[in-house]
Amino acid sequence: MSVLQGIAASSGISIAKAYCLVEPDLTFSRNTVDDVEIEVERFQSAIAITKGELESIQEIAKKELGAEEAAIFDAHILVLTDPELIAPIEDKIKTEQVNAEHALEETTDMFIMMFEQMDNEYMQERAADIRDVRKRILSHLLGVKVVNPSEISEEVVIIAEDLTPSDTAQLNRNFVKGFATDIGGRTSHSAIMARSLEIPAVVGTSDATEIIKDGDIIIIDGLNGKVHINPSDEIIAEYKVEQENFEQQKLEWAKLVNEKTVTADGHYVELAANIGTPEDLEGVTNNGGEGIGLYRTEFLYMGRDQLPTEDEQYEAYKKVLEGMDGKPVVVRTLDIGGDKELPYLNLPTEMNPFLGFRAIRLCLEELDIFRTQLRALLRASSYGNLKIMFPMIATLEEFREAKAILEEEKAKLQDQGTAISEDIEIGIMVEIPSTAVLANQFAKEVDFFSIGTNDLIQYTMAADRMNERVSYLYQPYNPAILRLVKMVIDASHREGKWTGMCGEMAGDEIAIPLLLGLGLDEFSMSATSILKARTQIKGLKKSDMEELVNEAIQMGTAEEVMQAVKTRCNL
Amino acid sequence: MAEKSFKVIDETGIHARPASMLVSVANKFQSDINLIHNDKKVNLKSILGVMSLGIGKGEEFKISTEGSDEQDALDALENTLKSEGLAE
C-alpha cells in the first residue's frame with residue numbers, strides 16, 4: 001500500500017476500485033507468420049469480440065443518450081463487418097504472410113486516406129470512424145484494453161492524467177464516485193467539475209496514473225488531498241468512519257439550505273456562489289446559494305475557434321438570470337488575455353502575462369468584443385437581477401470609459417425598443433492594490449465592489465501565484481491584505497454602497513471570522529462551500545469578530561493572525 | 001438481374017446514417033447488390049463503398065440486384081429510400 005499526496009479539490013471521501021482512464025499502447029511491429037490460417041482465425045475472433053463490444057456500447061448509448069446519438073454505432077458495426085474491408089485484410093494476411101495487425105493497419109490506412117481526400121467535409125470526418133473501429137480491433141488483437149468510460153457499470157474512482165470536458169461528459173454519474181488526476185490545481189477544469197458533481201477529488205498527484213493499476217482499491221480523501229492505494233483493512237475502517245461523519249455533517253449542513261445567513265447577534269450577510277456556466281446553477285440551488293457573486297463569462301469564449309455571437313451570449317445570460325429567479329447575479333465581463341489564452345484572438349505572448357494586456361485593458365481596445373458582450377447582457381437584463389462588474393480596473397478613467405460604453409449601448413438598444421432593466425448595478429473587481437488604496441474615490445462612482453483576493457494577494461505581495469517557489473507569499477491573512485480589504489469595505493459603506501468578495505478567501509474558515517468583523521456584505525464561493533460557511537457564520541457574533549479583526553490588523557505577521565483566529569473561534 | 005434508378009432528395013445526401021440503413025437492408029438478402037453512380041460501381045453491402053461515392057443531393061444513382069431474391073431486395077431498398085425521404 002502507498003499514499004499519494006495531491007491537492008484537495010473537492011471534499012468528501014470515497015472508497016472504490018480504480019478505473020484508469022489512460023490511452024492504451026497500441027504499437028506493434030510487422031511480423032511474418034508461418035500459419036496464415038491461424039492468423040486469419042485470430043483476426044476473425046478479434047472482429048467477433050469487437051462486434052460484441054460495440055453492440056453493448058450501442059445498447060448503453062441508446063439508453064443513456066437516445067437512439068439518435070446511438071446511431072453512430074450502427075455505422076461502426078457495419079464498418080467492422082464490411083466485406084470490402086475484411087476480405088482485403090484476410091487476403092493480405094494470406095498472400096503476404098503478415099500478422100493481422102499489419103494487414104489491418106495497411107488496409108484501413110488506404111480507406112482513411114480515401115475519405116480524407118474527399119472534398120466533402122462530412123465524408124472527411126468519416127475517416128475518424130474508421131480509425132475508431134481500427135483502434136478497437138487492434139486492442140483485441142494486442143490484448144490491451146481500450147478505455148471506454150461509458151461502459152462503466154460498477155462504482156469506481158477515475159484515475160487520469162487530467163479530465164477534459166468531453167471526458168467528464170461521458171462519465172456515468174451513478175458509478176463514478178471520485179477522481180484523482182496527475183495534473184491540475186484547485187481551479188482546473190477537473191477540480192471545478194468535481195465540486196459541481198459533488199464527488200470527492202484529489203488533483204495534481206503527479207504520478208497517479210503511473211502507480212495505480214485498474215482494479216486497485218483506492219481511497220480518495222478529498223478533505224486532505226490524499227490518495228491511498230490498496231490500503232490495509234484498518235485504514236479502510238478508519239476512513240469508513242470518517243466518510244460516515246462527513247455524510248452526517250453534510251446532512252446537518254443541508255438543513256440550512258433555505259435559511260438566511262444570520263450571525264448569532266442578528267447581522268445578515270449574503271452567501272453567493274461563483275459559477276462558470278449555466279449548468280452550474282443546479283449546484284447553487286441545491287447548496288442554498290443566495291445569489292451569484294461571480295459569473296465567469298470566459299467559459300463562453302473558451303474551447304472554441306471563434307468568438308461567441310451576441311445571441312449565444314444572450315441565451316446563456318438569460319438562462320442564468322431566469323434560473324436565479326430574481327436573486328442577484330453579478331456577471332464579470334470578459335477576463336481574458338495574459339495566462340488565459342484565446343488562440344483565435346492571436347494575442348502576442350507576454351513576458352509577464354499577469355501584468356499585461358488582459359481583462360478590461362483588452363476590452364477597451366477590442367471594442368467590438370466588449371460591445372457585443374455588453375449588448376447581450378443588457379438584452380438579458382430584463383429576465384432577472386443583473387449586476388455588471390468590470391475586472392482588473394486600475395484607474396478611475398478605465399471605469400468611466402467602460403461605463404460610458406455600456407451607457408452608449410444601452411441608449412442604442414433602447415432606441416430600437418429593446419426592454420432593458422432600469423436597476424442594473426455597475427461595479428468593479430478590486431484586485432489591483434491601487435484601486436483598493438483609492439477605494440474612497442471609486443466608491444463615489446461605482447455601485448459596488450467585489451474583492452478578487454486571488455489576484456489582490458499576488459499583486460500586493462508581488463508573488464506569482466503560479467510559481468510554487470514563492471507560494472509561501474500567498475498570504476490571505478497577512479495584516480497588509482486585511483488592511484486593504486478594510487479600506488475597500490469602509491469606503492463602500494461610507495457612500496452607502498456594498499462590498500463582496502469572490503476569491504478563494506471568501507469561503508475559507510479562518511478568513512470568514514475576519515471578513516465578518518470587517519463588515520463584508522457578500523461572500524461568494526464554490527457552491528459546495530456555502531452550507532459549511534453558513535453553519536460557521538450562524539455560530540459567530542459580529543461584535544466579537546470586530547474585536548478580533550481590530551486586533552488582527554495591528555499584528556505583524558499572517559501567522560499571528562491565524563493563531564488568533566484559531567484560538568478565538570476554536571478552529 | 002433487376003435494376004432501378006433514383007435521385008437523391010435528402011439535403012445532406014447519402015451520408016453515414018442513410019448509408020447504414022441501406023447496407024443493413026442489403027445484408028438481409030442473398031443476391032449480389034451493387035450501387036452505380038457516375039460509372040462507379042460499389043458493393044451495396046459495404047458501408048465504406050457506399051460512403052466513398054459521396055452521393056449528394058440532386059444526384060442520380062442506380063441499384064442493381066442479381067440472385068435468387070433479386071426482386072425482393074430491390075423492392076426492399078426502394079421502400080427504404082422512399083420511406084426515409086432519401087431519394088425518389
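Listing for the model above:
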| item | result |
| --- | --- |
| Two-site FRET efficiency, A:MET302 against A:ASP162, from Cβ-Cβ distance with R₀ of 25 Å, rounded to 0.05 | 0.95 |
| Chain-alone versus full-assembly comparison, the stretch B:46-62, residues with accessible loss of at least 30 Å² (1.4 Å probe) | B:SER46, B:ILE47, B:LEU48, B:MET51, B:SER52 |
| Euclidean distance of C-alpha centroids, the stretch A:414-473 and the stretch A:304-368, integer Å | 15 |
| For the pair A and B, total buried accessible area rounded to nearest 100 Å², probe 1.4 Å | 1400 |
| Solvent exposure, largest accessible area first (probe 1.4 Å, DNA, RNA and ligands not counted), of A:THR567, A:THR372 | A:THR567, A:THR372 |
| Fully extended contour minus Cα-Cα distance, from A:GLU198 to A:GLU55, at 0.36 nm per residue | 48.3 nm |
| Of all accessible heavy-atom area on chain B, the percent that carbon and sulfur account for (1.4 Å) | 40 |
| Pair A:THR535, A:LYS135: separation of 7 Å Cα→Cβ label points (nm) | 4.3 |
| Pair A:ILE211, A:GLN44: separation of 7 Å Cα→Cβ label points (nm) | 4.8 |
| Within the accessible area of the stretch A:1-137 (1.4 Å probe), percent carbon and sulfur | 49 |
| Protection proxy ranking of A:373-384, A:340-351 - average other beta-carbon atoms within 10 Å, highest first | A:373-384, A:340-351 |
| Förster-model FRET efficiency, 56 Å R0, A:ASP91 and B:GLU11, C-beta, rounded to 0.05 | 0.90 |
| Size descriptor, Kirkwood hydrodynamic radius, that averages inverse alpha-carbon separations across the stretch A:246-332, Å | 14.6 |
| Whole-Hz couplings from phi, Karplus 6.51/-1.76/1.60, listed for the stretch A:88-102; x for Gly and Pro | x, 5, 5, 4, 5, 4, 6, 6, 9, 6, 10, 5, 4, 4, 5 |
| Solution diffusion estimate, µm²/s, Stokes-Einstein, the stretch A:290-337, Kirkwood Rh from C-alpha pairs, 4 °C, viscosity 1.567 mPa s | 112 |
| Above-threshold pairs, the threshold being 25 Å between Cα atoms, out of A:LYS486/A:LYS542; A:LYS318/A:LYS444; A:LYS213/A:LYS240; A:LYS51/A:LYS213; A:LYS177/A:LYS226; A:LYS51/B:LYS62 | A:LYS318/A:LYS444; A:LYS51/A:LYS213; A:LYS51/B:LYS62 |
| Counting DSSP beta bridges with both ends in the protein assembly as shown, the antiparallel % (nearest 5) | 50 |
| Computed over the stretch A:397-495: relative contact order in percent, which uses C-alpha pairs under 8 Å that are six or more apart | 26 |
| Ranked order, A:ASP214, A:ASP132 - accessible area, probe 1.4 Å, largest first | A:ASP214, A:ASP132 |
| Listing of the stretch B:1-44 residues, each with accessible area lower by at least 50 Å² in the full protein assembly than in the chain alone (probe 1.4 Å) | B:ARG17 |
| Sites A:ILE405 and A:ALA128, calculated FRET efficiency, Cβ-Cβ separation with R0 56 Å, nearest 0.05 | 0.80 |
| Residues of chain A: accessible area per residue with a 1.4 Å probe, Å² | 45 |
| Rg and Dmax of the stretch A:111-253, Cα atoms only, in Å | 19.2, 63 |
| Alpha-carbon gyration tensor eigenvalues x 5, square-rooted, for chain A, Å | 50, 30, 21 |
| Distance in nm between pseudo-label sites at A:GLU322 and B:SER68 (7 Å out along the Cβ direction from Cα) | 6.0 |
| Fraction of accessible area attributable to carbon and sulfur, the stretch A:208-367 (%, probe 1.4 Å) | 49 |
| Relative contact order (%) - criterion: Cα under 8 Å, at least six apart; region: the stretch A:477-571 | 36 |
| Calculated over the stretch A:192-324: convex hull of Cα atoms, volume per residue (Å³) | 162 |
| Stokes-Einstein diffusion coefficient of the stretch A:171-228, Kirkwood radius over Cα pairs, 4 °C, 1.567 mPa s, in µm²/s | 111 |
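The values are calculated or read from the model by the stated rules, or taken from the named source; none is laboratory data. What you are looking at is a predicted structure, and each value in this text was computed from that prediction instead of being measured. Note that each Cβ is placed from the backbone with ideal geometry, even for glycine, and that neighbours are counted across all protein chains shown. When the accessible area is computed, the model is the full protein with side chains, heavy atoms only, and any ligands, DNA or RNA have been set aside. Shrake-Rupley method; radii C 1.70, N 1.55, O 1.52, S 1.80 Å.
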